[in-house]
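Just below is one structure, and these are the notes that go with it.
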Amino acid sequence: MQFTIDFEPIGLRGQFIAEQSLLECARHLSIELVSLCSGMGACGHCKVQVISGQVSPLTAEEENILSENEIQQGYRLACMTYPRSDLTLHVPPVSMTATQRTQVEGLEVDTDLDPIVQGVNIQLTKPTLNSPLTDIQNICQTLNAQGINIDKVDFRVQQLLSRVIRENDWSIRIAIRDKEIIAVCSPSTRWLGFAVDIGTTKIAGYLIDLETGKTLASKGVMNPQISYGEDVVSRIVAASKSPENTAKLQSLLTDALNQLAIDLCTKSETHPSEIVEAVVVGNTAIHHLFLGLSVKQLGLSPFIPVTNFALNVKARDIGLNLATGAYIHMLPNIAGYVGADHVAMLLATRIAELNGVTLAIDIGTNTEICLNNNGVMTSVSCASGPAFEGAHIKFGMRAAPGAIEHFRFYKDDLEIQTIENKPPVGICGSGLLDIIAQLLANQIIEKSGRFNHHPLIQKNDGKAEFTLVQRLDGDNITLSQKDVRELQLAKAAIRLGIEALLEDQGLTELNLDKIIIAGAFGTFIDVQSAIIIGMLPDLPQERFIQVGNAAGTGARMALISQVERDKASKIAQRVGYIELAKIPNFGRKFALATNFGS
């Protein structure tokens, strides 16, 4: 039996069967509801309100997550609810993924311009009865006269070659990649490159002029795969359930990148058909999902990737609408949870070329850390979780207008700064870090994470909460004991990763000459707050450097320089890997690392 489901205020509706959850129905209409737990009924973020119609009975998961007031108003978890009649649903904004602030700016690193794709203008000679050269022979002969040899012409290029030649009166511009003609167009065409860093939460894209190396436009967008889970493990689980899920997770990325390419080209008055080369980086799971490779084995010990080599694939083969024969270059991975984005970050920071002892940390949902001890490089992956993105925090949110991003507590006065100075609506990752650091410094939170007594700490359903913002309607913005615990887990993962790398090399924190902090989240954190809670080593401030989206910078470097690509491959081969969960006494060490200030 089919039912009509109307999603308001979005204005989309469709026909669905009783066996499809409301979450699945929404996804079929490309309504991306937030689902941090991959539809397991655990996160409570996919709330919808039933305005009219009948649905399946309330589940135990919903009774645990939804308040009595929400249940009375008809709120349900979309992943746990199934239609039993025609429905009209209201989707609150908080349940939908949306474009929030993203970070695309990073290091500017001097890079010699040496792109793998070369643009060449040629004037062809019209064939005659006495010299009836084919169009390809004509091109190859003309190029040979310029000392350029061609081994291959992309088949799709062959299909449109004759038309382009004649429309441009035998004067054309071609793109040559490793002795292959991959695109042909008018003589005025400017060949472009597309560099992309696909993060677990955010995607950063850059449009590059391959003839000058100049960045023409950049933009950040949210990774639409978030609707299948905030962390890569949830997405691996989702993809492993069916080939359809795998295809959907891939198409979410390719659709997002196609739109990103259009947006960037619109800003620079160019066209995606002029993009002849792309470099894409991401963690190993994102890499595999983007290419449609199997990810099931990444979720099972010993977490083996399909490949760790650099790859070159035709853009069209995975659904990217770029130049006719354009390629995508994927930088190499290192291990199951240390991917090409880590390699790109190491490339951009030049950590491999530094003397002394340097630590590079790319903080995110999955945090990668590399230690360079006088040329010996070792990396580790830390499942720091989505707390830094506001997930699993009662009033948590991503970095959007109105999010508390900085906090100070001075003589019982609360000083709050929100993004764009909008009225506070929630807490983003950098704000969470500041809040807990300030409460810890003022002895409102103990090192164990427990709250002490304070006038701003109230009981809510028997649980202690610190009031950050008081509202007239009583719906205050608070920090709960559970929120503190979530940050403790994230902090512990990172701190333990640092300690594991140092211990492996027989070093202590005092041996660190420099700590490089990369990533969108790392750009906005207060380093002193991170030191107070014990996430980062207690070292002089001058030893820390925040470099922004270094992975995006590394992708741009690899796009415009073959030398940098070779360096990236050598870095990947050179870096050792430690599996954090296998270090001696992991459980005890992790428990100790959850304590603040240690």
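The values are calculated or read from the model by the stated rules, or taken from the named source; none is laboratory data. Here the structure is a predicted model, which means the values were calculated and not measured. Here the Cβ positions follow ideal geometry from the backbone for every residue, glycine too, while neighbour counts run over all protein chains shown.
Annotations for the structure displayed:
- Any hit, region 433-443, residues being in the same structural domain as Lys570 (by TED's automatic domain parsing), over 29 Å from Ile516 (Cβ atoms), surrounded by fewer than 23 Cβ atoms within 10 Å (Cβ to Cβ) and at pLDDT 90 or above: yes
- Being at pLDDT 90 or above and of a type outside the set (Lys, Arg) holds for only one residue in Gln470, Gln488, and it is Gln488.
- Qualifying positions in region 505-525 - touching a residue at least 40 places away in the same chain (Cβ under 8 Å) and either in a loop (DSSP other than H, G, I, E, B) or among the small types (Gly, Ala, Ser) (or both): Gln505, Leu507, Leu512, Asp513, Ala518, Gly519, Ala520, Gly522, Ile525
- Selection of strands (runs of 3 or more DSSP E) fully inside region 146-219 by the criterion of at least 1 residues being without any contact (Cβ under 8 Å) to a residue 24 or more places away in the chain and either more than 22 Å from Asp317 (Cβ to Cβ) or in the same structural domain as Val280 (by TED's automatic domain parsing) (or both) returns 202-209.
- Residue match in region 263-272 (condition: assigned to a helix (DSSP H, G or I), under 26 Å from Leu347 (Cα atoms) and in contact (Cβ under 8 Å) with a residue 12 or more places away in the chain): yes
- Annotation: of all residues in region 135-163 being exposed (fewer than 14 other Cβ atoms within 10 Å of the Cβ) and touching a helix residue (DSSP H, G or I) at 6+ places or on another chain (Cβ under 9 Å), the one that is farthest from Ile181 (Cα to Cα) is Ser162.
- Strands (runs of 3 or more DSSP E) wholly inside region 395-504 containing at least 2 residues that are closer than 26 Å to Lys202 by Cα and without any contact (Cβ under 8 Å) to a residue 24 or more places away in the chain: 413-418
- Pairs are defined by a Cβ separation below 6 Å, a sequence spacing of at least 6 or placement on different chains, a first member in region 550-566 that is more than 15 Å from Asp197 (Cβ to Cβ), and a second member that is part of a helix (DSSP H, G or I) and among the basic types (Lys, Arg); no pair meets this definition.
- In the set Lys267, Lys219, Lys241, Lys214, only one residue is in contact with a Gly (Cβ under 8 Å, 6 or more places away or on another chain) and at pLDDT below 95; that residue is Lys219.
- Sole exception among (1) within 18 Å of Asp86 (Cα to Cα); (2) in contact with an Asp or Glu (Cβ under 8 Å, 6 or more places away or on another chain) for Ile10, by number: (2)
- Pick from region 294-320, criterion part of a loop (DSSP other than H, G, I, E, B) and either among the polar types (S, T, N, Q) or not assigned by TED's automatic domain parsing to the domain that holds Leu249 (or both), ranking: farthest from Phe155 (Cα to Cα): Ser301
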